[in-house]
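A.B. asks: I have a structure here, written as structure tokens, and I will follow up with some questions on it.
The values are calculated or read from the model by the stated rules, or taken from the named source; none is laboratory data. As the structure is a prediction and not an experimental result, all values here were calculated from the model. Every residue, glycine among them, receives a Cβ derived from its backbone with ideal geometry; neighbour counts consider all protein chains shown. Just so you know, the surface numbers come from the protein's heavy atoms only, side chains and all, with ligands and any DNA or RNA stripped out. Shrake-Rupley method; radii C 1.70, N 1.55, O 1.52, S 1.80 Å.
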Amino acid sequence: MRSTLTAAAVLTLFAAPALAGPATESRRLPGLAAPAEIIVDRWGISHVYAANTPDAFFLQGYAAARDRLWQIDLWRKRGLGRLAASFGPTFVEQDRASRLFLYRGDMAAEWASYPAEAQAWTTAFAAGINAFITDTEGSRQPLPPEFTATASRPERWTADDIVRIRSNALAANIPAEVARAQSLCAGGLPYEPLRRKLEPAHQIIVPKGVDPCIVTPDILKTYNLAIAGVSFDKGTVVAIADSDGANPDDDTREGSNNWVIAPGRSTTGRAILANDPHRAHGIPGLRYLIHLDAPDLKIAGAGEPALPGISFGHNEDMAWGLTIFAMDQQDLIVSKPGEPVTAITETIDVKDQKPRAAELLFTRDGPVIAVNAAGNRFAVRATWDRPGASAYFSAAWLFRAKNWTDFTAARAHWGAPPLNLVYADTKGDIGWAAAGFAPVRTDADGLSPVAPGSKWHGLLDPSLLPSLKNPAKGWFASANEMNLPAGYPSETRRIAYEWADRSRIDRIDKIIGSKPRFSLEDSMALQNDEHSTLALRAVALLRGLNSQDRDEAAAIALLQGWDGHLTADSPAAALYEVWLARHLGTAAVAALVPAATRPAFARPESAAVISVLEQPGTNAAPILKTSLAAAWGETRTLLGPDPKKWQWGNLHAAHFTPALALPGRAADQAAGPLPLGGSGSTPKAASHRGATDNFNVAAGASVRMVLDVGAWDNSRVINTPGQSGNVDSPHYRDLFPLWADGRYVPMLWTKAAILREAETIIKLTPAS
């Protein structure tokens with residue numbers, strides 16, 4: 001069935017058993033300056049009420065540690081290169097890799113790049129985390145069981161720790177440059193449109209002074225370790241690379257949707273802002289909902305649990321949302337032997353062993369991630385080494401923004417990751433602005449590795465990035481697509497050429513544009529829409545196609561009658577996704593690319609393949625027939641002989657498991673499996689790794705948020721799988737079935753409304 005939300009259904013989404021009354025706790029808390037309280041609502045969202053702003057951030061840190069201590073401690077240790085100290089020698093190499101990507105510039109300049117109070121806010125936030133750690137040491141708060149299972153302890157935080165970590169700020173395309181170099185080495189330049197579509201139309205600049213054949217995939221080992229997650233394998237800690245970061249040509253690339261609706265186009269008469277950022281899924285989730293209320297700072301929304309404040313949400317006057325804007329903020333620099341290099345030796349503490357000395361190499365361009373047998377050095381030049389590029393931290397500029405002028409001033413400070421920032425305020429203004437540090441390239445396009453002589457000429461003036469206030473059509477949306485405006489000088493003011501395909505934005509544009517007025521309910525339904533315009537493009541290729549082969553004919557017949565909705569119960573959706581992920585690209589490469597070049601085209605982008613097959617003169621029929629027959633046979637193997645019983649949800653399930661399996665508690669720790677519709681090309685993003693693994697959901701909406709701008713209590717939100725990372729908490733996975741079913745909970749703002757839904761009230765006073 002299709003995913004829909006009627007107005008009547010929406011009114012029933014928030015029904016829950018009436019609370020007998022909130023539990024209350026009272027205690028003294030060292031580090032707090034004045035009495036305060038944390039109200040936890042029935043969905044696990046903490047609402048912090050403080051007498052001053054430092055106390056608000058202190059209590060946010062305390063609340064984040066209370067809900068997510070294991071997760072944020074692991075984030076800090078991974079980012080700072082402190083894993084081996086807690087988990088042993090297995091992590092020495094990852095610690096070394098992580099330290100290559102720490103900010104090493106002047107800290108005064110770093111803090112000066114953010115609002116004047118940001119350092120004090122962050123110091124208070126870190127102190128709140130430390131206060132909770134102190135409570136666990138005094139047995140006033142439970143220590144998450146993962147620490148006991150690994151015989152480790154949480155470490156204390158400083159404000160500098162938070163902003164120095166940059167491995168989560170790496171944006172774009174070092175792995176893509178390596179893949180393209182392999183293509184160029186194999187003579188693949190004429191066939192590049194099949195591997196990856198470039199937008200705007202662009203002729204690849206083949207760099208001078210670099211032999212692409214020496215740029216081999218193995219040079220990414222250290223880079224991948226630096227952006228890796230953490231896995232625990234049968235009690236042994238191991239480092240693994242997250243394929244979403246390491247494989248840019250994989251259709252599981254992360255993305256996001258957002259839109260803003262002007263009052264004249266909304267059913268409320270107020271602006272509406274909707275945002276659903278897509279990230280790799282896990283348990284606990286990657287984002288954390290929080291509400292802070294102090295006399296001079298009132299914000300609510302979603303953020304990274306290890307950062308103060310929020311990444312997107314609203315204050316009293318305006319709301320903002322984000323999606324990735326595909327600005328290319330890094331280059332791979334290939335040096336010849338003998339180029340100048342600086343060596344730094346650092347000490348890596350190792351649990352139960354002697355410390356290890358680690359040598360870190362840096363060229364004038366950046367950290368060296370590899371040195372090959374011939375002595376060539378491979379370094380990463382990136383914007384993250386500039387002050388002000390700590391990932392998502394520039395959101396602090398928006399906490400007190402009141403109008404479009406404040407919003408565009410905040411955009412001018414934004415470093416990383418590069419974003420489409422959308423805006424709506426209580427006066428009715430809406431808009432969009434691209435944001436991020438954009439390197440100025442004149443002799444290269446950022447698509448391939450370059451020699452040290454290929455320079456950046458500073459950063460682009462932020463005012464030259466595109467923006468739009470109060471569009472005439474009454475709304476604006478983005479979904480990671482190429483959205484440089486017509487006439488933008490893309491060859492002289494290069495931003496990027498590698499964007500998400502248009503499948504999500506085309507559907508979003510169609511749905512919003514089809515209604516004279518758009519509602520909160522419409523926005524929630526659209527965030528859960530399972531229709532794929534990319535699938536319809538693929539199906540259109542089959543028009544007029546027929547075959548005498550039984551499997552080919554059966555596959556053609558099933559897909560020709562399909563409407564492109566990837567619902568969990570759809571047989572056609574199951575066949576289509578198996579075809580797209582495992583067979584269509586392979587068949588196209590085999591037919592269109594010379595044999596010697598094919599190894600560099602092992603994983604072409606699906607949208608690029610479809611674009612090539614759509615071109616007049618391409619003999620697509622044999623490719624379509626061969627690949628469909630193979631897909632039909634594999635789907636039959638996966639789902640049984642009767643195609644009427646095939647269901648996409650039987651392949652495509654949401655099943656989240658944590659990095660560390662606690663002994664005997666696997667069932668307690670997991671969320672799912674639940675069948676799920678959608679895919680990476682639907683507004684309800686639910687990407688998978690079917691090309692290389694199984695079809696289970698790998699990435700999608702971390703948070704879905706729909707804001708009624710100015711009537712904030714009407715706003716709706718859902719996190720997944722829950723607000724807490726503590727397996728024994730009722731909020732560990734309570735939101736997961738609601739999220740999977742396209743349901744929401746209130747995102748409350750006024751204290752009266754919050755008290756009606758309060759589960760726990762924690763009253764806190766300063767320690768004497």
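A.B. asks: Given the structure, is Leu419 over 30 Å from Pro337 (Cα atoms), crowded, with 24+ Cβ neighbours inside 10 Å and touching a Phe, Trp or Tyr at 6+ places or on another chain (Cβ under 7 Å)?
C.D. replies: Numbers: over 30 Å from Pro337 (Cα atoms): yes; crowded, with 24+ Cβ neighbours inside 10 Å: yes; touching a Phe, Trp or Tyr at 6+ places or on another chain (Cβ under 7 Å): yes.
Yes; evaluated as a whole, the condition is true for this residue.
A.B. asks: Right, next: Restricting the search to the stretch 704-721, which residues are touching a Ser or Thr at 6+ places or on another chain (Cβ under 6 Å) and open to solvent by 10 Å² or more (accessible area, probe 1.4 Å)?
C.D. replies: Selection gives Gly710, Asp713.
A.B. asks: Sticking with this structure for a sec: Could you grab me the full set of residues in the stretch 728-743 that are open to solvent by less than 20 Å² (accessible area, probe 1.4 Å) and out of contact with any Leu (no Cβ under 6 Å at 6 or more places or on another chain)? Steps first, answer last, please.
C.D. replies: Quick first cut of the stretch 728-743, residues open to solvent by less than 20 Å² (accessible area, probe 1.4 Å) only: 731-732, 735-736, 739-740, 742.
Hits for the stretch 728-743 are His731, Tyr732, Leu735, Phe736, Trp739, Gly742.
A.B. asks: Further question: All but one of (1) touching a helix residue (DSSP H, G or I) at 6+ places or on another chain (Cβ under 6 Å); (2) in a helix (DSSP H, G or I); (3) open to solvent by 10 Å² or more (accessible area, probe 1.4 Å) hold for Phe57; state the number of the condition that does not hold.
C.D. replies: (3)
A.B. asks: Separate question: Given the criteria at negative phi, surrounded by fewer than 21 Cβ atoms within 10 Å (Cβ to Cβ) and either touching an Asp or Glu at 6+ places or on another chain (Cβ under 9 Å) or modelled with pLDDT under 95 (or both), does Pro190 qualify?
C.D. replies: Numbers: at negative phi: yes; surrounded by fewer than 21 Cβ atoms within 10 Å (Cβ to Cβ): yes; either touching an Asp or Glu at 6+ places or on another chain (Cβ under 9 Å) or modelled with pLDDT under 95 (or both): no.
The answer is no for Pro190.
To keep it simple, each residue is scored yes or no on (1) open to solvent by 10 Å² or more (accessible area, probe 1.4 Å); (2) over 21 Å from Ser514 (Cβ atoms); (3) at pLDDT 75 or above.
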residue: Pro217; (1), (2), (3): yes, yes, yes
residue: Leu225; (1), (2), (3): yes, yes, yes
residue: Ser231; (1), (2), (3): yes, yes, yes
residue: Ile240; (1), (2), (3): yes, yes, no
residue: Pro263; (1), (2), (3): yes, no, yes
residue: Thr268; (1), (2), (3): yes, no, yes
residue: Ala274; (1), (2), (3): no, no, yes
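A.B. asks: Which residues, taken from the stretch 533-556, are surrounded by fewer than 18 Cβ atoms within 10 Å (Cβ to Cβ), part of a helix (DSSP H, G or I) and more than 37 Å from the chain's Cα centre (by Cα)?
C.D. replies: Arg550, Asp551, Ala553, Ala554
A.B. asks: Do you know which of the residues in the stretch 501-523 that are in a loop (DSSP other than H, G, I, E, B) and in contact with a strand residue (DSSP E or B) (Cβ under 8 Å, 6 or more places away or on another chain) is most open to solvent (accessible area, probe 1.4 Å)?
C.D. replies: Taking the stretch 501-523 as the starting set, the residues that turn out to be in a loop (DSSP other than H, G, I, E, B) are 501-502, 514-517, 519.
Subset that is in contact with a strand residue (DSSP E or B) (Cβ under 8 Å, 6 or more places away or on another chain): 517, 519.
Values: Arg517: 122, Ser519: 13 Å².
Per the criteria, the residue is Arg517.
A.B. asks: Scan the stretch 557-581 residue by residue and report those that are among the hydrophobic types (A, V, I, L, M, F, W, C) and assigned to a loop (DSSP other than H, G, I, E, B). Step through it out loud before you land on a result.
C.D. replies: Taking the stretch 557-581 first, the residues among the hydrophobic types (A, V, I, L, M, F, W, C) are 557-559, 562, 566, 568, 572-575, 578-581.
Within the stretch 557-581, Trp562, Leu566, Ala568 meet the criteria.
A.B. asks: Name every residue in the stretch 316-333 that is over 20 Å from Ala391 (Cβ atoms) and open to solvent by 10 Å² or more (accessible area, probe 1.4 Å), in order of residue number.
C.D. replies: Glu316, Asp317
A.B. asks: Inspect all residues belonging to the stretch 101-108 and state whether any of them is basic (Lys, Arg), open to solvent by 10 Å² or more (accessible area, probe 1.4 Å) and closer than 30 Å to Met524 by Cβ. Show your work before the answer.
C.D. replies: Taking the stretch 101-108 first, the residues basic (Lys, Arg) are 104.
Then keep just the ones that are open to solvent by 10 Å² or more (accessible area, probe 1.4 Å); that gives 104.
Filter once more, so that each one left must be closer than 30 Å to Met524 by Cβ: none.
Within the stretch 101-108, none of the residues are basic (Lys, Arg), open to solvent by 10 Å² or more (accessible area, probe 1.4 Å) and closer than 30 Å to Met524 by Cβ.
Here's the yes/no breakdown for (1) among the aromatic types (Phe, Trp, Tyr); (2) open to solvent by 10 Å² or more (accessible area, probe 1.4 Å); (3) modelled with pLDDT of 95 or more:
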{"site": "Gly338", "(1), (2), (3)": "no, yes, no"}
{"site": "Glu346", "(1), (2), (3)": "no, yes, yes"}
{"site": "Ala357", "(1), (2), (3)": "no, yes, yes"}
{"site": "Phe362", "(1), (2), (3)": "yes, yes, yes"}
{"site": "Pro367", "(1), (2), (3)": "no, no, yes"}
{"site": "Phe378", "(1), (2), (3)": "yes, no, yes"}
{"site": "Ser394", "(1), (2), (3)": "no, no, yes"}
{"site": "Trp397", "(1), (2), (3)": "yes, yes, yes"}
{"site": "Ala410", "(1), (2), (3)": "no, no, yes"}
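A.B. asks: A further question follows. Looking only at strands (runs of 3 or more DSSP E) that lie completely in the stretch 630-703, which have at least 3 residues being crowded, with 21+ Cβ neighbours inside 10 Å and among the aromatic types (Phe, Trp, Tyr)? Write out each step before concluding.
C.D. replies: Working: elements: 653-656, 671-675, 686-688, 697-701.
Correct list: empty, since no element meets the threshold.
A.B. asks: Further, regarding this structure: Residue check, Ala486 against (1) more than 28 Å from Pro277 (Cα to Cα); (2) without any contact (Cβ under 8 Å) to a residue 12 or more places away in the chain, all met but one. Which one?
C.D. replies: Status for Ala486: all satisfied but (1).
A.B. asks: What residue, among those in the stretch 582-615 that are at pLDDT 95 or above and not in a helix (DSSP H, G or I), is farthest from Arg537 (Cα to Cα)? Before the answer, list the steps.
C.D. replies: Step one: of the stretch 582-615, the residues at pLDDT 95 or above are 582-601, 604-615.
Then drop every residue that is not not in a helix (DSSP H, G or I), which leaves 593-597, 604-605, 615.
Details: Val593: 22, Pro594: 26, Ala595: 28, Ala596: 30, Thr597: 27, Pro604: 17, Glu605: 15, Gln615: 12 Å.
For the stretch 582-615, the residue satisfying everything is Ala596.
A.B. asks: Restricting attention to the stretch 70-92, report how many residues are under 21 Å from the mean Cα position of the chain (by Cα) and of a type in the set (A, V, I, L, M).
C.D. replies: Taking the stretch 70-92 as the starting set, the residues that turn out to be under 21 Å from the mean Cα position of the chain (by Cα) are 70-80.
Still in the list and also of a type in the set (A, V, I, L, M): 72, 74, 80.
The total comes to 3.
A.B. asks: If a residue has to be farther than 17 Å from Ala179 by Cα and touching a residue at least 12 places away in the same chain (Cβ under 8 Å) to count, how many in the stretch 194-212 make the cut?
C.D. replies: Within the stretch 194-212, residues that are farther than 17 Å from Ala179 by Cα and touching a residue at least 12 places away in the same chain (Cβ under 8 Å) number 5.
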